[in-house]
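Just below is one structure, and these are the notes that go with it.
The values are calculated or read from the model by the stated rules, or taken from the named source; none is laboratory data. The structure presented is a predicted model; accordingly, all values stated were derived computationally and were not measured. With ideal geometry, Cβ positions are generated from the backbone for all residues, glycine too; neighbour counts draw on all protein chains shown.
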Amino acid sequence: KIQVLKHFAQWFYRHIATVTGVALSTVYWIAHPPLTPIRKDIRGRHSILRSSQREKLITLATASVENRCKPYMEIAKMAGFGVCGRTLHCTMASSGYHRRVAPKKPFLSTKTRRVSLLFSLVGSQEVSTDWCKVIWTDECTFNVGYALGRVWITRRVDKEFEESCLLHKFKKLESILVWGCFVGRRKGPLLVWDKAA
């Protein structure tokens with residue numbers, strides 16, 4: 001309104017200040033904005049990657065299990081972007097994606113998952129004294145002679161147990177199996193089997 005009164009109606013500053021009730025210095029500042037426009041929406045450095053490039057990078061990094069295991073630089077090469085690792089890290093982090101160690105979980109078929117879910121739903125209605133009558137067993141396999149090391153994947157924080165973010169374990173020939181059990185407060189024997197023997 002003040003700019004219209006000054007530039008189109010050709011009013012004086014003092015007259016505009018009197019009619020609008022705005023201070024004279026404010027009227028002058030509004031009528032003559034700075035030559036360089038003040039942009040309040042952008043702060044800091046501009047992003048090196050455009051939003052379309054960022055979306056392409058995220059889509060490519062999460063497209064498959066194989067791509068989730070690849071480092072950011074390989075994904076950038078696949079996408080055809082020539083940017084540094086820090087830029088890629090910051091871009092992915094701003095979208096909620098980080099490099100994490102893939103948790104190793106036994107491979108479960110759809111049938112096994114269904115049976116486990118049914119067991120947990122039925123078992124949640126049992127009383128704690130009923131569970132003391134059950135013998136609990138578990139086994140652990142130790143691989144001998146080699147170590148796979150850590151496998152890093154790209155994922156969001158809430159996607160830890162998503163199928164494409166897991167590293168499945170399969171039975172190996174060169175391993176030692178340890179088996180144990182307990183019932184109530186009593187421990188059973190710890191048995192060791194060498195599969196090779």
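Only residues that are closer than 30 Å to His168 by Cα and surrounded by 10 or more Cβ atoms within 10 Å (Cβ to Cβ) were counted across the stretch 106-130, and they come to 12.
When the stretch 135-154 is limited to residues that are surrounded by 11 or more Cβ atoms within 10 Å (Cβ to Cβ) and modelled with pLDDT of 85 or more, the one that is farthest from Lys104 (Cα to Cα) turns out to be Trp136. Look through the stretch 104-134, keep the residues that are touching a strand residue (DSSP E or B) at 6+ places or on another chain (Cβ under 8 Å) and modelled with pLDDT of 80 or more, and return whichever of them is nearest to Lys56 (Cα to Cα). Among those residues, the one meeting the criterion is Val134.
Applying the selection to the stretch 6-59, what residues are of a type in the set (S, T, N, Q) and modelled with pLDDT under 85?
Gln10, Thr36, Ser47 - these are the residues of the stretch 6-59 that are of a type in the set (S, T, N, Q) and modelled with pLDDT under 85.
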